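The values are calculated or read from the model by the stated rules, or taken from the named source; none is laboratory data. These figures come from a predicted structure and were not determined experimentally. Quick reminder, even Gly has a Cβ in these numbers, built from the backbone with ideal geometry, and neighbours come from all protein chains shown. Surface accessibility is based on the protein's heavy atoms, side chains included, excluding ligands, DNA and RNA. Shrake-Rupley method; radii C 1.70, N 1.55, O 1.52, S 1.80 Å.
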Amino acid sequence: MKKQLQEEFEKIESELQEMSRELFENPELGGEEYKSSQLLIDFLEKHEFIVEKGVVDRPTAFRAVYDSNKEGKAIGFMSEYDALPGVGHGCGHNLIATMGVGAGVVLSKVLDKTGGKVIVYGTPAEETNGAKVPMSDAQFFDELDAAMMVHPEGESSMSGESLAMDAIQYSYHGKTAHAAAAPEQGINALDSVIQLFNGINALREHLRSDVRIHGVINEGGTAANVVPDYASAQFYIRAKDRAYLDEVASKVQSIAEGAALMTGAQLSIENYELSYDDMRTNEPLSEAFRSNLEALGEETILPAKKSLGSIDMGNVSQAAPAIHPYIGMNMPGVVAHTTTFANQTMTKSGMDALRKGGLSLAMTGYDVLTNADLSREIKRAFEETKK
Ligand SMILES: [Zn+2]
Ligand SMILES: [Zn+2]
């Protein structure tokens with residue numbers, strides 16, 4: 001049967017390559033991926049997927065379903081298609097997009113025999129305000145037995161972890177006054193921000209080593225002879241898991257409150273970007289993907305990278321068994337978010353990655369649909385890692 005998946009892939013391969021080129025030549029930023037999402041939707045509709053557009057109030061998000069209307073598992077593939085300012089598809093989302101829809105269409109061709117359904121999710125703005133967050137909040141992924149995507153990279157590697165992340169702004173409201181003539185009448189908001197930084201630096205010593213806290217002062221007053229009546233700082237706070245991150249964020253909040261007491265300024269706190277949850281790789285699913293990728297001739301698959309970033313696939317992985325592996329473009333050491341990376345997606349090695357990544361996704365989906373032992377293991381592993 002996997003031979004049939006390969007044959008189905010070959011039928012659409014040149015079209016997938018053309019779509020990847022079209023995305024590459026017309027990069028659109030997060031939330032503005034109108035042409036990119038329409039290109040993918042047209043392709044899916046041509047292959048009889050039922051597409052719901054503009055889900056979760058994101059005009060460029062979509063959910064595309066192909067249902068066999070027979071008993072079976074639900075397999076989900078994520079397509080990302082946002083680009084970056086200045087470097088276009090420097091993160092290779094043109095390949096993520098086409099591997100996702102390619103896997104969906106290939107798997108749909110055998111669904112009559114396996115039962116179940118396949119769903120392709122169009123998930124915009126991964127680089128900024130990831131749509132997978134509101135989509136998981138709205139329980140889009142709860143029905144899935146497997147949620148998968150592949151990200152291009154220099155070399156192939158296994159799906160790993162990412163950090164949970166909160167993006168928090170602390171704003172202090174004080175009182176302006178002449179800094180020399182009447183300082184006793186002022187309340188210095190900037191001093192609160194400075195105490196906030198000092199307090200966080202004192203806290204660091206007593207936090208787990210997986211925690212990352214990094215911030216900037218985005219407003220800090222206007223003139224040295226005017227007591228600043230407003231100052232604010234934006235921080236990213238990250239940790240290996242959501243539970244510990246919540247603990248750390250609450251400690252930072254206490255520091256922020258203490259910093260307000262020290263000057264008499266009023267504090268307000270807000271999230272300035274969406275929060276991402278930590279990525280939890282489903283190991284049995286990850287193993288199934290690896291063996292399919294190996295069967296397609298991929299010789300080197302590195303262990304999971306020690307990633308200290310945060311991805312919106314993390315939120316998906318809390319709702320369903322999930323993987324986020326990397327497919328190599330035969331360029332070890334290449335740095336993402338560069339034009340070199342973008343250009344590599346268009347080479348023969350980029351096209352090889354598209355085929356191997358897309359096909360491995362489809363084959364792994366097929367395994368979940370047809371191998372009852374595997375899907376039982378996946379389910380058990382998911383229950384164990386759930387909070
Ligand atoms: Zn990126
Ligand atoms: Zn990316």
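Of all residues in region 70-103, those satisfying the criterion of being more than 16 Å from ligand 2 (Cβ to nearest atom), part of a strand (DSSP E or B) and among the hydrophobic types (A, V, I, L, M, F, W, C) are A74, I75.
Among the conditions (1) under 18 Å from the mean Cα position of the chain (by Cα); (2) aromatic (F, W, Y); (3) over 14 Å from R290 (Cα atoms), the only one that Y326 does not satisfy is (3). Could you tell me how many of the residues in region 16-69 are closer than 22 Å to G86 by Cα, part of a loop (DSSP other than H, G, I, E, B) and under 18 Å from the mean Cα position of the chain (by Cα)? Final tally of qualifying residues: 6. For the residues V51, V65, the requirement of being surrounded by fewer than 24 Cβ atoms within 10 Å (Cβ to Cβ), in contact with a helix residue (DSSP H, G or I) (Cβ under 7 Å, 6 or more places away or on another chain), in the same structural domain as D367 (by TED's automatic domain parsing) and over 16 Å from V150 (Cβ atoms) singles out V51.
In this structure, D137 does satisfy being charged (D, E, K, R), under 16 Å from the mean Cα position of the chain (by Cα) and in the same structural domain as A319 (by TED's automatic domain parsing). P321 passes every criterion in (1) of a type outside the set (V, I, T); (2) within 21 Å of Y81 (Cβ to Cβ); (3) touching a Leu at 6+ places or on another chain (Cβ under 7 Å) apart from (2). Could you grab me the full set of residues in region 170-190 that are outside any loop (DSSP other than H, G, I, E, B), open to solvent by 20 Å² or more (accessible area, probe 1.4 Å) and not aliphatic (A, V, I, L, M)? Passing the criteria: H173, K175, H178, P183, E184, Q185. Does M135 fit the bill of being farther than 15 Å from L29 by Cβ, open to solvent by less than 10 Å² (accessible area, probe 1.4 Å) and within 14 Å of ligand 2 (Cβ to nearest atom)? No.
Within region 1-15, can one find any residue that is buried (at least 24 other Cβ atoms within 10 Å of the Cβ) and not basic (K, R)? Scanning region 1-15, I find no residue that is buried (at least 24 other Cβ atoms within 10 Å of the Cβ) and not basic (K, R), so the answer is no. Please verify whether region 318-331 includes one or more residues that are within 16 Å of ligand 1 (Cβ to nearest atom), in contact with a strand residue (DSSP E or B) (Cβ under 9 Å, 6 or more places away or on another chain), in a strand (DSSP E or B) and among the hydroxyl-bearing types (S, T, Y). Among the residues of region 318-331, at least one is within 16 Å of ligand 1 (Cβ to nearest atom), in contact with a strand residue (DSSP E or B) (Cβ under 9 Å, 6 or more places away or on another chain), in a strand (DSSP E or B) and among the hydroxyl-bearing types (S, T, Y), which makes the answer yes. Looking only at region 221-237, decide whether some residue is surrounded by fewer than 15 Cβ atoms within 10 Å (Cβ to Cβ), in contact (Cβ under 8 Å) with a residue 12 or more places away in the chain and part of a helix (DSSP H, G or I). No, there is no match, as no residue in region 221-237 is surrounded by fewer than 15 Cβ atoms within 10 Å (Cβ to Cβ), in contact (Cβ under 8 Å) with a residue 12 or more places away in the chain and part of a helix (DSSP H, G or I).
The set of residues in region 129-151 being assigned to a strand (DSSP E or B) and hydrophobic (A, V, I, L, M, F, W, C) consists of A146, A147, M148.
Checked against the criterion of being within 26 Å of P325 (Cβ to Cβ) and away from ligand 1 (no atom under 16 Å from the Cβ), region 81-92 contains not a single residue that satisfies it.
Restrict the check to region 294-313 and report whether at least one residue is more than 16 Å from ligand 1 (Cβ to nearest atom) and in a helix (DSSP H, G or I). The answer is yes; a qualifying residue exists. Here region 104-115 is the region considered, the condition is being in a helix (DSSP H, G or I) and among the hydrophobic types (A, V, I, L, M, F, W, C), and the residue that is farthest from ligand 2 (Cβ to nearest atom) is L111. Which of the residues spanning region 283-312 are more than 16 Å from the chain's Cα centre (by Cα), open to solvent by less than 40 Å² (accessible area, probe 1.4 Å) and not hydrophobic (A, V, I, L, M, F, W, C)? Residues satisfying the conditions are P284, S286, N292, E298. Residues in region 298-355 that are of a type in the set (D, E) and farther than 20 Å from T98 by Cβ: 1 in all.
For region 116-132, what are the residues that are within 16 Å of ligand 2 (Cβ to nearest atom) and either of a type outside the set (D, E, K, R) or buried (at least 24 other Cβ atoms within 10 Å of the Cβ) (or both)? The answer is Y121, G122, T123, P124, A125, T128, N129, G130, A131, K132.
Residue by residue, here is whether (1) within 27 Å of A288 (Cβ to Cβ); (2) in contact with a helix residue (DSSP H, G or I) (Cβ under 7 Å, 6 or more places away or on another chain) holds:
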residue	(1), (2)
V56	no, yes
I75	yes, yes
G86	no, no
V110	yes, yes
V118	yes, yes
F141	yes, yes
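Filtering region 332-360 to residues that are surrounded by 24 or more Cβ atoms within 10 Å (Cβ to Cβ) and part of a loop (DSSP other than H, G, I, E, B) leaves only T345.
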